[in-house]
Amino acid sequence: MANKILIVGPAWVGDMVMAQSLFKLIKKLNPQTEIDVLAPAWSLPLLERMPEISSGIIMTLGHGQLNLRERYRLGKSLRAKKYDQAIVLPNSFKSALVPFFARIPQRTGWQRELRNIIMNDTRRLDPKKYPLMIERFMALGLPAQEDLRGEHLLPALSFSATTQADALKRLALQTQGPILALCPGAEFGPAKRWPEEYYAEIANAKLAAGWTVWLLGSPKDTATCEKIMALTQQRCVNLTGKTKLVEAVDLLSLASVVVSNDSGLMHIAAAVNKPLVAIYGPTSTTYTPPLHAHAKVLQLSLECQPCFQRECPLQHQRCMRDLKPQQVLHAMSELA
């Protein structure tokens, strides 16, 4: 069993949350193992909410960049850490280069893009055997000949009372009464976004019942949330682009219910154990479902689903538009 492991982490928020299942498995098998994660700078505060991680290392290249010179420099700088093993979670060839340049003895990952040239522990993936992303992550933490068994170790992010209190004060937020958190964005693309007018209908129903409604998202979701604000007569609290990622973790932990597209914030809400309604359209609940026993997943069964496209190839987005607000309100009532 390796005593010091470098994990090459994913580039997306939700995937990084789900990677915690692997971190937890490694620590369960050997509590003395040190786990470092090579990841984008934005994810380091999120990794701090995972007690399994010893340290985060900034991946200095953006998603999709090759830049062999920088990858070599970074890999060479890691040689002194003397890792026993690297586990590469992304499936690209370039994602395996840093562990190769770092001369890490065991370099583990799924067979993709001729990676056996620079990796010496590649595994052949059987998608039917491991349909879930967390299963594919966790299986890489086991010896090659060993199968994943038993209950899955689900993500569980810690939250900070201090950061939470600071965010509440800075944003002048009130927490009396029930709070509905809406997460209407989706970094992947517009095909994953439930219509703004549907979110507004949910918000108006809960505002009329005396709830507080928070809108959370990144700066890229500004236009979406501004439309929801207009449709609710500016009665929601628009936090879009105003919170750091870890502040979103702390604020979601205060919500009574969360309604979200399939997004990074959805996986965060599940990882802080909040009642959750997750709305799926072009993606699959058999691959990246919300990992939470109290989540309600809503998805239609159209012939075109799942397409996994950023934009609807048929230009009708029926997978989202035919899923009506009343269905979401009913699911929320079942969570109460």
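FYI, it's all coordinate maths here, none of it is from the lab. It should be emphasised that the depicted structure is a prediction, and the values quoted were computed from it without experimental measurement. Backbone-built Cβ (ideal geometry, glycine too); neighbour counts: all protein chains shown.
List the residues whose amide H sits under 5 Å from the amide H of THR108, counting only those 5 or more places along or on another chain, with H placed 1.01 Å from N in the peptide plane.
ALA86, ILE87, VAL88
Helix 68-77: angle to the longest alpha-carbon principal axis of the chain, degrees 0 to 90, nearest 10?
Once rounded, the angle reads 70 degrees.
Assuming R0 = 35 Å, what is the FRET efficiency of GLU303 and ASN91, from their Cβ-Cβ distance, to the nearest 0.05? Before the final figure, lay out each step's value.
Working: r = 28 Å, r/R0 = 0.80.
Here the calculated transfer efficiency is 0.80.
Hey, which lysines would be in cross-link range of LYS94, C-alpha to C-alpha under 17 Å, not counting anything within fewer than 8 residues on its own chain?
Within the straight-line cut-off, LYS94 pairs with LYS76.
Could you work out the local net charge near ILE134, counting Lys and Arg as +1, Asp and Glu as -1, over the other residues with Cβ closer than 12 Å to its Cβ?
Working: positive: LYS24, ARG136; negative: ASP15, GLU135, GLU151.
Net charge in that neighbourhood comes out at -1.
Would you mind ranking TYR83, TYR199, TYR287 by Cβ crowding within 10 Å, fewest neighbours first? Could the numbers behind the result be given before it?
Values: TYR83 22, TYR199 29, TYR287 16.
Neighbour counts put them in this order, fewest first: TYR287, TYR83, TYR199.
Hey, what do the phi angles of the range 98-105 turn into as Karplus ³J(HN,Hα) couplings, whole Hz, using 6.51/-1.76/1.60 and θ = phi - 60°, x for Gly and Pro?
The phi angles translate into 4, x, 5, 5, 7, 6, 6, x Hz.
Kindly provide the Kirkwood hydrodynamic radius of the range 4-139 in Å, to one decimal, from all pairs of distinct alpha carbon atoms. Mind dumping the intermediate values first?
Values: mean 1/r = 0.0671 Å⁻¹.
It is 14.9 Å.
Which far-off residues, 5 or more places away or on another chain, put their amide H under 5 Å from the one on VAL277, with H placed in the peptide plane?
VAL258, VAL259, SER260, LYS296
For THR175 and ALA144, calculate 0.36 nm times their separation in residues minus their Cα-Cα distance, and state this gained length in nm to one decimal.
Numbers: separation 31, 0.36 × 31 = 11.16 nm, distance 4.88 nm.
Full extension of this stretch gives 6.3 nm more.
Enter the angle in degrees (range 0 to 90, nearest 10) between the Cα long axis of helix 13-29 and the first principal axis of the Cα atoms of the chain, meaning the one along which they spread out most.
50 degrees
Sum up the charges of everything whose Cβ sits under 10 Å from the Cβ of VAL213, counting Lys and Arg as +1 and Asp and Glu as -1, but leave VAL213 out. Numbers along the way, then the final one.
Details: positive: LYS206, ARG235; negative: none.
Taking every Cβ under 10 Å from that of VAL213, the sum is +2.
Please rank GLU113, GLU151, GLU226, GLU52, fewest neighbouring Cβ atoms within 10 Å first, as an exposure proxy.
Values: GLU113 12, GLU151 5, GLU226 15, GLU52 18.
In order of increasing Cβ crowding within 10 Å: GLU151, GLU113, GLU226, GLU52.
At a Förster distance of 22 Å, what's the computed FRET efficiency of ASP322 paired with LYS227, Cβ-Cβ distance as r, to 0.05? Display every interim value, and only then the final one.
Values: r = 20 Å, r/R0 = 0.91.
The formula returns an efficiency of 0.65 here.
Roughly how tilted is helix 161-170, in degrees to the nearest 10 and between 0 and 90, from the longest Cα axis of the chain?
Once rounded, one gets 50 degrees.
With Cβ to Cβ distances under 10 Å as the rule, what net charge do the other residues near THR283 carry (K, R +1; D, E -1)? Before the final figure, lay out each step's value.
Details: positive: LYS192; negative: ASP262.
That sum, taken over residues with Cβ under 10 Å, equals 0.
How large is the translational diffusion coefficient of the range 266-336 in µm² per second when you combine the Kirkwood radius over alpha carbon pairs with Stokes-Einstein at 4 °C and 1.567 mPa s? Could the numbers behind the result be given before it?
Details: Rh = 12.9 Å.
Calculated translational D: 100 µm²/s.
Are any of the pairs LYS129/LYS324; LYS81/LYS242; LYS4/LYS128; LYS242/LYS274 more than 25 Å apart by Cα-Cα distance, and if so, which?
Correct reply: LYS129/LYS324; LYS81/LYS242; LYS4/LYS128.
Most fluctuating residue of THR285, THR60, THR108 in a GNM of the chain with Cα springs under 10 Å: which is it?
THR60
How high is the relative contact order of the range 11-65, in percent, with contacts defined as C-alpha pairs under 8 Å that are six or more residues apart?
On the way: 50 pairs, mean separation 19.6, N = 55.
Relative contact order comes out at 36 percent.
Calculated FRET efficiency, LYS129 and SER284, Cβ-Cβ r, R0 25 Å, to nearest 0.05?
Numbers: r = 16 Å, r/R0 = 0.65.
Computed FRET efficiency for LYS129 and SER284 comes out at 0.95.
Which of the aspartates and glutamates could a cross-linker span from LYS28 if the Cα-Cα distance has to be under 12 Å and same-chain partners fewer than 8 positions apart are dropped?
Answer for LYS28, where 12 Å is the Cα cut-off: GLU52, listed by chain and number.
Could you estimate the translational diffusion coefficient of the range 157-241 from the Stokes-Einstein equation, with Rh from the Kirkwood formula over C-alpha pairs, at 25 °C and 0.890 mPa s, in whole µm²/s?
Values: Rh = 13.6 Å.
Reported coefficient: 181 µm²/s.
Using the Karplus curve 6.51 cos²θ - 1.76 cosθ + 1.60 with θ = phi - 60°, what ³J(HN,Hα) values do you get for each residue of the range 225-238, in whole Hz, with x for Gly and Pro?
6, 5, 5, 4, 4, 5, 6, 10, 6, 6, 8, 7, 9, 8
Using the Karplus curve 6.51 cos²θ - 1.76 cosθ + 1.60 with θ = phi - 60°, work out ³J(HN,Hα) for each residue of the range 179-185 in order, rounded to whole Hz, and write x for Gly and Pro.
Result, ordered by residue: 10, 9, 9, 9, 10, x, x Hz.
Of the listed values [x] 36, 22, 18; [y] 54, 21, 16; [z] 29, 22, 20, grab the one calculated as semi-axes √(5λ) of the Cα gyration tensor in Å from the structure here.
The listed entry that was calculated here is [x].
How do SER253, SER260, SER301, SER43 rank when sorted from fewest to most other Cβ atoms within 10 Å of their own Cβ? It would help to have the intermediate numbers written out before the result.
Working: SER253 20, SER260 29, SER301 6, SER43 23.
With the sparsest Cβ surroundings first, the list reads SER301, SER253, SER43, SER260.
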